[in-house]
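Data block below; observations after.
The values are calculated or read from the model by the stated rules, or taken from the named source; none is laboratory data. Here the structure is a predicted model, which is why all the values come from computation and not from measurement. Cβ sites come from the backbone with ideal geometry, for glycine too, and all protein chains shown count toward neighbours.
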Amino acid sequence: MNIILLGPPGAGKGTQARYLVETRGMVQLSTGDMLREAKTSGTDMGKKVAAIMDAGKLVTDEIVIGLIEEKLTTETGAGFIFDGFPRTLAQADALAALLAKLGQSLHTVIEMRVDDDALVDRITARSTCSGCGEVYNDKTKPIPADGRCTNCGEQKEFTRRADDNEDSLRTRLMEYYKKTSPLIGYYYAKGDLRPVNGLADISEVTASIEAVLG
Ligand code: AP5
């Protein structure tokens, strides 16, 4: 079963994808995580995309399609969760072609509906365990008082992303509305779209996604 988690920055795509990986053995393909890894490891591609990402703009279709193509042919599991991909109509067409080439298809596109005010609060309060990538939030999921990650149990640093500031978020939202939101109509017309209320508590959003996936 291959699914897309579609939604604006801070909608909760990463949070829900991690849950599906743990409970269903699916493979999370987050283009944001792949690009951040390239940035940290200082590859040529990482250097090329660093400034674009920090400013909140989208990197080129060519780069992200290449990253996804490589993962589709090397990773295995109980289906793929596309998190943050596709983000343009060209990426959506490329994904359909790649899956067809592998004899696979898309099961569902889960649209995570939220409102912009909630996104600002979520993004500016987010931090991530540098050991395992578990995502925290100062308001809704605070870092434990003993500084130990609830997921990996380690006392690692909790980091904030370079693009998690109000200026970059404004650009990220604009990019979403201009380039990514047309995918809602695209997948609706294909009959693949299933909306869930992303404003509910994390566990309620999980339950809605479970209900869609069956
Ligand atoms: P990416 O890493 O994909 O970032 P994003 O889409 O902006 O999404 P986020 O990771 O910020 O949010 P999320 O929806 O995963 O929310 P999360 O679960 O963390 O992309 C980063 C950049 O990479 C892009 O700007 C672009 O430059 C580039 N890029 C990536 N993919 C690309 C592509 N395909 N094409 C071109 N460029 C690409 O949750 C957020 C916070 O809210 C957390 O603190 C969490 O604890 C909290 N939270 C989650 N759910 C809830 C809830 N239900 N209630 C309360 N709090 C909640």
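Structure above, values below:
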read-out	value
Residues satisfying the stated conditions in region 20-42, i.e. surrounded by fewer than 13 Cβ atoms within 10 Å (Cβ to Cβ) and either in contact with a helix residue (DSSP H, G or I) (Cβ under 9 Å, 6 or more places away or on another chain) or under 18 Å from Pro86 (Cβ atoms) (or both)	Thr23, Thr40
Extreme residue, surrounded by the fewest Cβ atoms within 10 Å (Cβ to Cβ), among residues of region 66-102 that are within 16 Å of the ligand (Cβ to nearest atom) and among the basic types (Lys, Arg)	Lys71
Only one of Met112, Met53 that is at pLDDT 95 or above and outside any helix (DSSP H, G or I)	Met112
Boolean, Leu119 is in a loop (DSSP other than H, G, I, E, B), out of contact with any Ser or Thr (no Cβ under 6 Å at 6 or more places or on another chain), aliphatic (A, V, I, L, M) and within 22 Å of Asn197 (Cα to Cα)	no
Condition met for Lys156 (part of a loop (DSSP other than H, G, I, E, B) and away from the ligand (no atom under 12 Å from the Cβ))	yes
Single residue of region 117-145 satisfying the filter (out of contact with any Cys (no Cβ under 6 Å at 6 or more places or on another chain) and away from the ligand (no atom under 13 Å from the Cβ)) that is farthest from Ser181 (Cα to Cα)	Ala145
Test: residue in region 123-137 that is at pLDDT below 95, part of a helix (DSSP H, G or I) and over 23 Å from Leu213 (Cα atoms)	yes
Residue within region 73-95 that is among the polar types (S, T, N, Q), within 22 Å of Arg172 (Cα to Cα), assigned to a helix (DSSP H, G or I) and at pLDDT 95 or above present	yes
Cross-chain or 6+ apart pairs with Cβ under 8 Å, region 122-145 first and within 15 Å of Asp164 (Cα to Cα) and of a type in the set (Lys, Arg), then assigned to a loop (DSSP other than H, G, I, E, B) and near the ligand (Cβ under 6 Å from one of its atoms)	Arg122/Gly10; Arg122/Gly12; Arg122/Thr140; Arg126/Gly10
Entirely in region 166-214, the helices (runs of 4 or more DSSP H) that have 2 or more residues that are closer than 15 Å to Ala118 by Cα	166-175, 202-213
The one condition in (1) at pLDDT below 95; (2) within 12 Å of the ligand (Cβ to nearest atom); (3) in a helix (DSSP H, G or I) that Ala162 fails to fulfil	(3)
